[in-house]
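Take a look at the structure below.
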Amino acid sequence: MTQSPEQELEPWRKREREREKDMERQIAEQGYITPPSFLEMVKSFKTTALKFINQGAPIVEPAVYTDRLGECNTCEFLRRKNMRCGACGCLLEAKAQMKTAYCPKGKWENGMAPGRDDEK
Ligand code: SF4
């Protein structure tokens, strides 16, 4: 049986919720966040990239791209050295171009990913 796109995303959402709880615990205990592992980053980016490709690879307008990276540049989760998001692990200069991508903290113009509005 084929799963709907929403069903396919549910395991990723569950992992994201668990990761967010872990990040909050890390901040409380050590005062900083350990970035996602390379494997976690690849999994997260793979999900984002598959969704992007499945929807015809839509790209945002240049102004939206600039605004998104502007948000990232002032964000506490930014790993500036390699322009990675410390929350999802994605490479931001690629992810911010994808119309189908969302900031895991809802800081971009499109808010939270569908189904995650209640967690903002
Ligand atoms: S994607 Fe969102 S959480 Fe990640 S660095 Fe950018 S603004 Fe911050």
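Per-structure values
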read-out	value
For Ile53, net neighbour charge (Lys/Arg +1, Asp/Glu -1) across residues whose Cβ lies under 13 Å away	+3
For the chain, size of Cβ-based charge dipole, Lys and Arg +1, Asp and Glu -1, in debye	360 debye
Cβ-Cβ FRET estimate between Gln26 and Ala94, R0 fixed at 22 Å, reported to 0.05	0.30
Helix runs (DSSP H) in the chain reaching 18 Å along axis by Cα, Kyte-Doolittle at least -1.0	38-54
Spin-label proximity, Ala57 to the range 75-101 - amide N less than 20 Å from point 7 Å beyond Cα toward beta carbon	91-101
Residues of type aspartates and glutamates that Lys51 reaches as a straight line, Cα spacing below 14 Å, ignoring anything fewer than 8 places off in the same chain	Glu6, Glu8, Glu10
More than 23 Å apart - percent of Cα-Cα pairs taken over the chain	27 percent
Hz values of 3J(HN,Hα) by residue in the range 91-105 - Karplus curve (6.51, -1.76, 1.60), Gly and Pro given as x	7, 5, 5, 8, 4, 5, 7, 7, 4, 7, 8, 10, 6, x, 10
Rg/Rg_ref, the range 36-105, where Rg_ref = 2.2 N^0.38 Å and atoms are Cα	1.04
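Since every read-out is calculated from the coordinates, none of them should be taken as a lab result. Small disclaimer: the values here were computed from a predicted structure and weren't measured. Virtual Cβ from ideal backbone geometry, glycine too; neighbours counted across all protein chains shown.
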